[in-house]
Amino acid sequence: MGNSRRTLFALLATGACVGVFALAIPAAEQAGAEEIQATDTQIAHAKPHTAEQLKAFNDVFMEEVRKGDLLFHGDGATAKQMGVNLSATGMACAMCHPMSADIHPHEFPKFQEQIGKFATLRDMINWCIEKPNQGERIESDSDAMKALEAYMYWSNRGSVLDPGRH
Amino acid sequence: MSDLNRIRSEMDAVLRPEGAHPDRNLKITRRIFIQKSIMTGAAAGAATCGLFPIMNGIEVAYGAEAPFSFAWISDTHLYPKTVNTRFVEKTVQAVKDVKAMSPAADFLIFGGDIAQLGDPVELDLGNEILKELTIKKVYIPGEHDWYLDMGKKWEKLFGDPNWTFDHKGVRFIGLDTISRAPDYWTAKKMSPEERMGHMATLDGTVAGAWAGVGKDQLDWMAKTLSDWDKARPVIIFSHNPLYEYYPPWNFWVRDWRDVQEVLKPYANVTNIHGHVHQALYNEIGTMRSIGMLATSWPWPYAPEGVPALTTPQIRTDPGNHYDGVGWNTLTFGADGRTETKYNIWGRTEPLATAEADDGTADNVNQRVHPRIADNQWPY
C-alpha cells in the first residue's frame, strides 16, 4: 500500500458519515474492495469534496499511470519490483507504441484478428507480451495489468470511444 | 487547416517558384492510374496538378547519365545477439537480398541506427554483418549509434558522419542529423548509459528536439552544392526527414526551414530518410522526401502530420516479425525514370489501397499525450 493510498483512506474516514444510502447500497458498489474494509459504515460523496480529497484520489490514479508508464517503456527495476517479465527480446511496448499511439484502447472490446476472437484490451496486452515481446503473460487482474491499462487510457485521454472498430 | 499544414503550405508557397514542381516528368503507369482512381481528399487534389503520392514504385524522370540502382538498409537496431536474435536475422536477410540483386546495386546506403543502445558490441555486430556485402557502402549515423560514446566507435568503424560524392550524373550528399542534440545530460550528471537511454526512447521527453542539421553543416552543404548545376539531380540522405512531420518523435529536423532555404535554388532534390520506419512521401518547394523502411520494427504513423501526399503503408501484423519491415531499392532506368521500391518481406503490395487496411485510418478517433515518468526523479 502506497502513501497516497493511506492518505486517501484517512481522508475518506474524515469525511464519512452514516446515512440511509449506506444501508440501501451495497458497500462494494461504492468503492474498491480494500477501501470497504476501512469504511464499511461510510458512503461516497457524503459531503462536498475537499481539494485534499480530490488530490488524493488523483494521486492514487497517477501512481498507477506512473508505474504503467515505466513498465510500458521497459523499465527493468519496475518490472522486477512487480514480479513480471514483459519481454525477452529487449523490445518494450513503447517501441511499437510511442506515446501509446496505435493501441486504441477506446476501440476495445472488439473482434481481434490476430487472436481470432472477441477480445478485451487486457487480452491484447497479453498477446503483445507473448508474441512480439516473447515475454510471460500476466494475470488479467494483476497489479501490472491494472497499471499498464491505467497508463494506456491516461495517455489516450480525449480519444473518441469507438468500441468494435477494426 | 491545422497549424502544421498551414506552415507547410506557407513554406511551399514561398519556396516553390511559380509553375515548378520537384519533378516535371512524372509518368502515369497503370499502377498509379489505378491508385489514382480511388484516392480521396487532398491527395486527389494534388494528383490533378501533377503530384502523385508514392506508390509501390514511384516512377519519375531523373536525368541520370546511365541506368543504375542503389539499395537502402537502415534502422536495424541491433542488440547483442544474446538479447535479440530476430533483429540479427532480419539484418542478415536484408544483406542477402541486396547481394542477390540483379543487376547488382551500385552501392548500399546504410541510413543510421545500426545499433540499439550504441554499444560497441552492437556496432561491431552490424559492421560484421554488412561486411558480407562487397559493393560500395556508405553510412550515415542514427541517434541510437551515437550517444553512448558521442560517436567515437561509430566514426572509427564507418568514417565521417557527412560526405558527398557524384555518381552517374547525380550528386549524393550524406547528412548527419543526429549529433547536435542540446546538452540535456551534463547538468543532470547523467551517465553515458542514461544519456543513451533517453535518446533511444522515441517518445521520451528529456532529450527534446535533438534532430538538426546545424549551421556549420548547412554551410558545408551550401558550399558542396555551389558548383553543381541547379537543374541536375541531387539526392540527400539523412536519418531524420528534412521537413516537419512530427516533432515530438523527432520526425523532423528542427532547422528544416534553413535546410529548405539552402536547397531552394536547386530544381531536382530528393531527400531519402530513415528514422520513421514507414513508407512516407512529401514535397515542399522543389524537394521531395521519401521515408524508408526499417528492418527491425515499424513505427506507427504519427497521430497527426502525416503528409497528404503519402499513401500509407499497409497495416502490419506484429505477430510476424518479418511483416511491416524490410529494405528499399531505387532504380534509375535507361528511360530516365526512377523506381523506389518498398521491399517488405512477404508482401507484394506494401501500400494500402483501402481505409480498412490503412495504417493511418484510426488516427481520426485517437488523441495521445506525452509520457510523464521519465521526467520524475530518478528517471
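Each value in this text was obtained by applying a stated rule to the coordinates, not by laboratory testing. What you see is a predicted model, and the numbers here were worked out from it, not measured in a lab. Backbone-built Cβ (ideal geometry, glycine too); neighbour counts: all protein chains shown.
Loop only by DSSP, 15 or fewer other Cβ within 10 Å of the Cβ. Give me the GluC sites (Glu not before Pro) in the range B:116-163 that pass, ordered by residue number.
Numbers: sites: B:GLU122, B:GLU128, B:GLU132, B:GLU143, B:GLU155; in loops: B:GLU132.
In loop regions of the range B:116-163 (DSSP not H, G, I, E or B), the sparsely surrounded GluC sites (Glu not before Pro) are B:GLU132.
Give me a comma-separated list of calculated 3J(HN,Hα) values for the range B:99-115, in order, Karplus coefficients 6.51, -1.76, 1.60 applied at θ = phi - 60°, integers in Hz, x for any Gly or Pro.
Per residue, the Karplus-derived 3J(HN,Hα) values read 4, 7, 4, 9, x, 5, 5, 5, 7, 10, 9, 9, x, x, 6, 6, 10 Hz.
Can you list the aspartates and glutamates whose alpha carbon is less than 17 Å from that of B:LYS156, not counting same-chain residues fewer than 8 positions off?
List returned: B:ASP113, B:ASP119, B:GLU122, B:ASP124, B:GLU128, B:GLU143, B:ASP145, B:ASP176.
What percent antiparallel are the DSSP beta bridges of the range B:69-163, to the nearest 5?
0 percent
Can you flag which of A:LYS55/A:LYS80; B:LYS81/B:LYS189; B:LYS137/B:LYS215; A:LYS67/A:LYS146 are past 19 Å Cα-Cα?
Among A:LYS55/A:LYS80; B:LYS81/B:LYS189; B:LYS137/B:LYS215; A:LYS67/A:LYS146, the Cα-Cα distance tops 19 Å for A:LYS55/A:LYS80; B:LYS81/B:LYS189; B:LYS137/B:LYS215.
In whole Å, what is the distance between the alpha-carbon centres of the range B:207-277 and the range A:119-145?
Distance between centres, Cα-based: 41 Å.
Taking H placed 1.01 Å from N in the peptide plane, check which residues at least 5 places from B:GLN313 or on another chain put their amide H under 5 Å from its amide H.
Residues meeting the criterion, in which the H sits 1.01 Å from N, are B:ALA279, B:ALA352, B:GLY359.
Can you compute 3J(HN,Hα) from phi for each residue in the range B:118-126, using the Karplus curve 6.51 cos²θ - 1.76 cosθ + 1.60 with θ = phi - 60°, rounded to whole Hz and x for Gly and Pro?
With the stated coefficients, the range B:118-126 comes to x, 5, x, 4, 5, 5, 5, 4, x Hz.
Could you calculate the FRET efficiency of A:VAL60 with B:LEU157 from 1/(1 + (r/R0)^6), where r is the beta carbon distance between them and R0 is 56 Å, rounded to 0.05? Walk me through the numbers before you get to the answer.
Values: r = 50 Å, r/R0 = 0.89.
Between A:VAL60 and B:LEU157 the formula returns 0.65.
Please list, by residue number, every one of the trypsin sites (Lys or Arg not before Pro) in the range B:66-168 that is coil in DSSP and has at most 16 other beta-carbon atoms within 10 Å. Kindly include the intermediate steps, with their values, before the conclusion.
On the way: sites: B:LYS81, B:ARG86, B:LYS90, B:LYS96, B:LYS99, B:LYS131, B:LYS136, B:LYS137, B:LYS152, B:LYS153, B:LYS156, B:LYS168; in loops: B:LYS81, B:LYS131, B:LYS168.
The qualifying sites are B:LYS81, B:LYS131, B:LYS168.
Under 19 Å Cα to Cα from B:LYS264, which aspartates and glutamates show up? Leave out anything in the same chain fewer than 8 places away.
B:GLU10, B:ASP12, B:GLU18, B:ASP23, B:ASP216, B:ASP219, B:ASP227, B:ASP229, B:GLU244, B:ASP255, B:GLU283
So what are the ³J(HN,Hα) numbers for the range A:138-147, from phi and the Karplus equation (6.51, -1.76, 1.60; θ = phi - 60°), rounded to whole Hz, Gly and Pro as x?
Using θ = phi - 60°, the values come out as 10, 4, 4, 10, 6, 4, 5, 5, 5, 5 Hz.
Along the charge dipole of the range B:65-152, Cβ charges K/R +1 and D/E -1, which of B:LEU108, B:PRO141, B:VAL98 sits furthest on the positive end?
My answer, from the dipole projection, is B:VAL98.
Tell me the chymotrypsin sites (Phe, Trp or Tyr not before Pro) within the range A:103-135 that lie in a loop according to DSSP and have at most 16 other beta-carbon atoms within 10 Å. Don't skip to the end; give the middle numbers.
Working: sites: A:PHE111, A:PHE118, A:TRP127; in loops: none.
Listed in order of number, the matching sites amount to none.
Full extension from B:ASP166 to B:ILE7: what is 0.36 nm times the residue separation minus their Cα-Cα distance, to one decimal in nm? Show your work: numbers first, answer last.
Values: separation 159, 0.36 × 159 = 57.24 nm, distance 3.32 nm.
Full extension of this stretch gives 53.9 nm more.
Search the structure for amide H atoms under 5 Å from the amide H of B:PHE251, placed 1.01 Å from N in the peptide plane, and list their residues when 5 or more places away or on another chain.
Long-range HN contacts for B:PHE251: B:TYR246.
5 Å is the cut-off here: which amide hydrogens, built 1.01 Å from N in the peptide plane, fall below it relative to B:GLY169, excluding neighbours closer than 5 in sequence?
Answer set, sorted by chain and number: B:GLU65.
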